[in-house]
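What follows draws every value from the coordinates through simple rules; no lab data is involved. Quantities reported herein were computed from a predicted structural model and do not represent experimental measurements. FYI the Cβ positions are ideal-geometry reconstructions off the backbone, even for glycines, and counts take in every protein chain you see.
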């Protein structure tokens, strides 16, 4: 190899070496785009598995589900989880419009989670006062984690599903730092329940 | 005369009863308003504390402990809101009051953590720049010296080599 060839090799080694040495500084200056950012909301049955969800509920009995929220937003987040009770005709959150259900919240959780972390809590509920008469039913009092709420929620007999159908709705809200307010995070899950005499 | 006195007494009794009703209703309304304002204050305090934590996190601080403290306050506020929904305003107000000292503590700690993280971040940044500049300079210098030595040796080898004639 001629001297000019060796010179090119030395210049190339020099450039690569300088780039390697500058890597820590470059890593601090260059911010690569992060992945998809989202929040997770899901329910698990009483055994912490996606099975054995309560469906047939009787007055005076306790039922449990686990509520889980995951933060994949890239930074810590402050969430509010609202629990609402509705019947078959009550409005659900609108996925297209990104609006929550107009039902009033009965119970709420508030918690903050770091990025890549999950929050998990056991929710126990019981219907402590209800009426079933002919084709009509009404849940008067619902207990959630020991707190009793007067709901007076009626439901007609659903002959297609042969049930007095109610829905326990879980809506995820999140604190928005820019608007300084809690906003609906466009995430909800619902659990269909059938009020029965047994 | 007796009828007149009876009428007066009845009127007085009615006025007293109405006043008592009004006062009790007013008291309940005032208590509800007070609870609502306490809940609002607790909400605002938690929002501020969380914003401080996020600022500290962006500056590079470890906020695990601060979030754990804030979670305690958020749990109490949720209990207060739930108590208020069940109609227990007294408990709700008492729980809302418990939120404020925690959030103040968290906000102050988060601001301190942010300051410390900012200083640490700046120091790290300048250390990295210094390492890059000095490291690159030393590397290029060493490479240049090696190049000079190599070049001299190459030329010497070239000048000392004898031409060979291939027959």
How high is the FRET efficiency between residue B:10 and residue A:37 when r is their beta carbon distance and R₀ equals 56 Å, given to the nearest 0.05? 0.20
With 10 angstrom as the radius, rank A:66, A:107 by how many other C-beta atoms surround their C-beta, starting from the fewest. A:66, A:107
Just want the ordering: B:103, A:89, from fewest to most Cβ atoms lying within 10 Å of their own Cβ. A:89, B:103
Set the Förster radius R0 to 41 Å, insert the Cβ-Cβ distance between residue A:136 and residue B:36 as r into 1/(1 + (r/R0)^6), and round the FRET efficiency to 0.05. 0.70
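Between residue A:189 and residue A:177, what length in nm is gained on full extension when 0.36 nm per residue of separation is reduced by their alpha carbon distance?
1.8 nm
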Can you put A:84, B:151, B:6, A:153 in order, fewest other beta carbons within 10 Å first? B:6, B:151, A:153, A:84
Per residue of A:137-148, how many C-beta atoms from partner chains lie within 10 Å of its own C-beta, taken as a mean? 1
Degrees separating the helix A:3-21 axis from the principal Cα axis of chain A, which is the longest one: 30
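What does the average come to when, for each residue of peptide B:133-143, you count the partner chain Cβ atoms lying within 10 Å of its Cβ? Walk me through the intermediate numbers first.
Numbers: counts 3, 1, 7, 8, 2, 1, 6, 5, 0, 2, 6.
Partner Cβ neighbours, averaged per residue: 4.
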Estimated [θ] at 222 nm from DSSP helical runs (n ≥ 4, -39500 (n - 2.57)) normalised by residues in chain A, nearest 500: -4000 deg cm²/dmol
Theoretical gain in end-to-end length, residue B:139 to residue B:91 [0.36 nm per residue, Cα-Cα removed]: 10.3 nm
Choice from A:86, A:28, A:98 showing the highest fluctuation, given a GNM over chain A with Cα pairs closer than 10 Å: A:28
Given an 8 Å cut-off on Cα distances and at least 6 residues of separation, report the relative contact order of the range A:30-171 as a percent. 24
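Quick one: length gained pulling residue A:121 to residue A:152 fully straight, 0.36 nm per residue minus the C-alpha distance?
The span from residue A:121 to residue A:152 would gain 8.5 nm if fully extended.
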Within 10 Å of the Cβ of an average residue in A:21-29, the count of other chain Cβ atoms is 5
